[in-house]
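S.K.: One structure coming up, written as structure tokens, with questions to follow.
The values are calculated or read from the model by the stated rules, or taken from the named source; none is laboratory data. Remember, it's a predicted structure, so these values are computed and weren't measured experimentally. Backbone-built Cβ (ideal geometry, glycine too); neighbour counts: all protein chains shown. SASA here: full protein model, heavy atoms, side chains in, ligands and nucleic acids out. Shrake-Rupley method; radii C 1.70, N 1.55, O 1.52, S 1.80 Å.
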Amino acid sequence: MSWKETYSAWKNYRKLEPDLKDELAKLEGNDEALEDAFYAPMEFGTAGMRGVIGAGINRMNVYTVRQATEGLASLMDTLDEETKRRGVAISYDSRHKSQEFAFEAARVLGAHGIPSFVFESLRPTPELSFTVRHLHAYAGIMITASHNPKQYNGYKIYGEDGAQMPPKESDLITKYIREVDDIFAVEAADKDALINDGTLKVIGSEIDKEYLAEVKKVTVDPELVAEEGKTMKLIFTPLHGTGAMLGEKALRQAGFEDFTMVPEQATPDADFSTVEHPNPEFPEAFDLAIKLGKRDDADLLIAVDPDADRLGAAVRQPDGDYKLLTGNQIAAIMLNYILTARKNAGTLPENGALVKSIVSSEFAAKIAKDFGCDTINVLTGFKFIAEQIQHFEETNEHTFMMGFEESYGYLVRPFVRDKDAIQSLVLLAEVAAYYRKQGKNLYDGLQELFEKYGYFAEKTTALTFDGVEGAQQIKNLMAKLRDEAPAEFAGVKVVCAEDFATGKKSFADGKEEKMNLPSSNVLKYILEDGTWIAVRPSGTEPKIKFYIGTQGDSVENSKANVAKFEKAIQAYVD
């Protein structure tokens, strides 16, 4: 159907949810907005779906949530009864409609006789991953738009290993979703009836207790934390999201006592009223934490995003101001601490491995190599890190030391199979305590690592292409990069180009090699001076991302190199 026909079907549906009916009435006559809402269904990929809340097949609403859940339920209907009865764990964040969407999903599953385990109130993404594994559920659903602005929500499906659903199953779910002819005809059972007959179980504190027991094991040196944790001043903000309750409990059980939660951001708020972008990658997310940190002379500021899977940090400088660390820098600092502690304790395995994404810094990889650990590069998406963990457990080929992505996501211990900001919160606070005992702070520790391993610098930039034409513009740009492959950036020769869609590594002398990674729409260029540049369309947003990784002989020099290559990329795009 055309977008106008689809819009007409929604407009004339007598039982349309009142808020969606009101929205359509307000949009009447605005063809541009209506076309964007109805021109195509929301894309459902390995990262699920994410979009603006509202009316339309290209929006997050009860009908698109039911349709997505119908896809999962249809897949589960093909399974044996025992597997199907293992059910689905469901959690949700603090966004508009999150709780409603979570229980709508449970109602659709219930109509298929599939049990669900739904949290009584909001919980972080990493706890959902843990819950799938802990309850031996077949799948998990997380209602979240992570760090996106307030008008967004999203829907992610997790597999039985606690990682985001792998491509094979995700493709099948997409197939079943597309087979739903009438989005309004998806059956949803009565919530109270499902609770009464035990098909829908409401869960909560009993899972929190089990998750926190595992988080307790993240602490490397309890004696150090007991000594320094009583007086080390820490500011923590959950940015109006899910991290408050578990973050506070995790810090206290580890032994940190002198920390303060930013009061204006400590309670859930779907409007994120104190920050436009609840993203710990953005400096403005720390504005209130910095104000509080200066008042209290805090050593460290930590922010986690609304679903508590990403973490950012800022460290106090000698002049009393705060310096934000990048995700790559935080990963390097944490990895160095873990490996140093394991080496000193005589427990560093001979087959240790760091797992990171192909667009993450080589800084941590260089540290890992110094400790005799391998680095395994995987495609972007934490499910690929989770796949490696599963492979390690099945083969004993490596021992997992840590996993990370440059986008502020880290995993310390694999009882979770996704990014976990609660684990990272506890470990980073411990690393700060380690340096504090030496009369230093995390920034001092970072400078020591720079001096030892080199001055690494990275930057990610993103171009946004909204609306109906956006997807095509991104495709055109990727096609240009393939058809007119750059031979140099900023006068520095490209010595190797990696196309992860074709699996080919092409060298400047004409030679080619095959890469042993799944197909993905990513391009990466290795330059003569060791710099690398990668290009990747986002899987959840209308953006194309450019990644730069370079090195210099000083902090200033490495930053200048980043700026030089960023300018060259912009010139190429223009």
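S.K.: Run through the DSSP bridge list for the chain and note the antiparallel percent, rounded to the nearest 5.
M.R.: If I count the DSSP bridges inside the chain, around 65 percent turn out antiparallel.
S.K.: So, one more: Sorted by mean Cβ packing within 10 Å, highest first, what order do the peptides 373-384, 53-64 take?
M.R.: 53-64, 373-384
S.K.: With a cut-off of 8 Å between alpha carbons and a minimum separation of six or more residues, what is the relative contact order of the chain in percent?
M.R.: Over the chain, the number comes to 11 percent.
S.K.: Where both residues lie in segment 140-268, what percent of DSSP beta bridges are antiparallel, nearest 5?
M.R.: In segment 140-268, DSSP labels about 60 percent of beta bridges as antiparallel.
S.K.: Which order do ASP509, ASP370, ASP418 take when ranked by solvent-accessible area (1.4 Å probe, heavy atoms of all protein chains), largest first?
M.R.: The most accessible residue leads, giving ASP509, ASP370, ASP418.
S.K.: Percent of accessible area on the chain owned by carbon and sulfur, 1.4 Å probe?
M.R.: 47
S.K.: Take every Cα pair under 8 Å in segment 465-574 that's 6+ residues apart, average their separations, divide by the length, and report that relative contact order as a whole percent.
M.R.: The normalised contact order for segment 465-574 reaches 20 percent.
S.K.: Which value, in Å², gives the accessible area per residue of segment 374-487 when a 1.4 Å probe is used on the protein heavy atoms?
M.R.: 39
S.K.: Same structure, new question: How much area per residue is accessible in segment 134-228 when the probe is 1.4 Å and only protein heavy atoms are counted (Å²)?
M.R.: That works out to 46 Å² for each residue.
S.K.: Take segment 358-397, drop everything but the C-alpha atoms, weight them equally and run the Debye formula without solvent; then report log10 I(q)/I(0) at 0.19, 0.26, 0.35 Å⁻¹ to two decimals.
M.R.: With no solvent term, the Cα-only Debye profile gives -0.64, -0.97, -1.05.
S.K.: Could you tell me, in Å, what Rg and Dmax come out for the Cα atoms of segment 90-178?
M.R.: In order Rg, Dmax, the Cα atoms of segment 90-178 give 12.6, 35 Å.
S.K.: Give, rounded to the nearest 20 debye, the magnitude of the charge dipole that segment 1-132 has about its Cα centre when Lys and Arg contribute +1 at Cβ and Asp and Glu contribute -1 at Cβ.
M.R.: 240
S.K.: Is there a quick way to get the dipole size of the chain? I mean about its Cα centre, with the Cβ of Lys and Arg at +1 and of Asp and Glu at -1; what is the value in debye to the nearest 20?
M.R.: 460
S.K.: Among (i) 0.97; (ii) 1.10; (iii) 1.35, which one is Cα Rg over 2.2 N^0.38 Å computed from these coordinates?
M.R.: Checking each listed value against the structure points to (i).
S.K.: Now, a different point. If you take every DSSP beta bridge whose two residues both sit in segment 86-179, what share of them, in percent to the nearest 5, is antiparallel?
M.R.: In segment 86-179, DSSP labels about 40 percent of beta bridges as antiparallel.
S.K.: By the gyration tensor of its Cα atoms, with a ≥ b ≥ c the square roots of the eigenvalues, what is the shape of segment 196-316: rounded for a/c under 1.5, prolate for a/b over b/c, or oblate?
M.R.: It comes out oblate by the Cα gyration axes.
S.K.: Using the alpha carbons of segment 126-218, what is the convex hull volume per residue in cubic angstrom, as a whole number?
M.R.: About 165 Å³ per residue, rounded to a whole number.
S.K.: Mind running the shape call on segment 472-562? Use the C-alpha gyration tensor, a ≥ b ≥ c as the square roots of the eigenvalues: rounded below 1.5 for a/c, prolate if a/b tops b/c, oblate otherwise.
M.R.: oblate
S.K.: Classify segment 132-179 from the C-alpha gyration tensor, please: rounded if a/c falls under 1.5, else prolate or oblate depending on whether a/b exceeds b/c.
M.R.: Because a/c hits 1.5 or more and a/b fails to exceed b/c, segment 132-179 counts as oblate.
S.K.: Work out the charge dipole of segment 1-75 with +1 on the Cβ of Lys and Arg and -1 on the Cβ of Asp and Glu about the Cα centre, then indicate which of ALA68, PHE44, THR6 is farthest towards its positive end.
M.R.: My answer, from the dipole projection, is ALA68.
S.K.: Under 8 Å for C-alpha pairs, at least 6 residues apart: give me the relative contact order for segment 55-211, rounded to a whole percent.
M.R.: 30
S.K.: In the chain, if the dipole is taken from +1 on Lys/Arg beta carbons and -1 on Asp/Glu beta carbons about the Cα centre, which of ILE183, ALA508, LEU194 is farthest to the positive end?
M.R.: Value: ALA508.
S.K.: While we're on this one: DSSP H helices in the chain with Cα extent of 18 Å or more along the helix axis and mean Kyte-Doolittle hydropathy at least -1.0?
M.R.: 62-76, 98-111, 327-345, 382-395, 421-437, 470-483, 555-573
S.K.: Now for a different question. Considering the options ILE141, GLN99, TYR152, tell which one lies farthest towards the positive end of the dipole of segment 86-181, charges being +1 on Lys and Arg and -1 on Asp and Glu at the Cβ, about the Cα centre.
M.R.: Value computed over the given set: TYR152.
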